[in-house]
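See below for the structure under consideration.
The values are calculated or read from the model by the stated rules, or taken from the named source; none is laboratory data. As the structure is a prediction and not an experimental result, all values here were calculated from the model. Positions of Cβ are generated from backbone atoms using ideal geometry, with glycine treated the same way; all protein chains shown enter the neighbour counts.
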């Protein structure tokens with residue numbers, strides 16, 4: 001029961017902004033304060049949540065988290081690239097890569113934000129410009 005409570009507090013902290021968790025350490029501090037557990041146990045539980053999402057994604061190809069979004073695997077077809085120095089054609093095999101699609105509820109929350117009142121970090125600006 002404790003693990004389930006912790007997992008939902010963890011997910012809700014991202015989904016509904018219950019705390020200002022901008023880094024792993026800030027998230028761990030928030031979770032340990034909210035659940036009354038040690039920092040080390042909070043870290044262990046957060047890692048377990050990520051491991052379970054990762055393992056489920058590998059086994060089933062999809063992980064749905066209500067009000068947050070869906071993680072899924074997508075197959076990329078094989079393609080051919082040209083080596084820039086030699087000009088030789090190289091065949092790249094098909095592969096799987098992880099994708100994320102946010103839920104409607106999550107998108108609506110983000111779209112409702114006032115753009116002028118949000119200050120993005122330099123790291124998030126780099127990600128959005130790629």
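Count of region 70-114 residues, restricted to those that are more than 14 Å from residue 58 (Cα to Cα) and touching a helix residue (DSSP H, G or I) at 6+ places or on another chain (Cβ under 7 Å), is 1.
Quick check on region 37-92: of everything there that is part of a loop (DSSP other than H, G, I, E, B), within 21 Å of the chain's Cα centre (by Cα) and surrounded by 13 or more Cβ atoms within 10 Å (Cβ to Cβ), which residue is modelled with the highest pLDDT? Write out each step before concluding.
So the first thing to find is which residues in region 37-92 are part of a loop (DSSP other than H, G, I, E, B), and the list is 37-38, 61, 66-68, 77-78, 83-88.
When the remaining residues are screened for being within 21 Å of the chain's Cα centre (by Cα), the result is 61, 66-68.
Next, only the ones that are surrounded by 13 or more Cβ atoms within 10 Å (Cβ to Cβ) stay: 61, 67-68.
On the way: 61: 92, 67: 83, 68: 84.
Result: 61.
Selection of region 1-36 for residues being outside any helix (DSSP H, G or I) and either surrounded by 16 or more Cβ atoms within 10 Å (Cβ to Cβ) or modelled with pLDDT of 85 or more (or both) yields 19, 21, 36.
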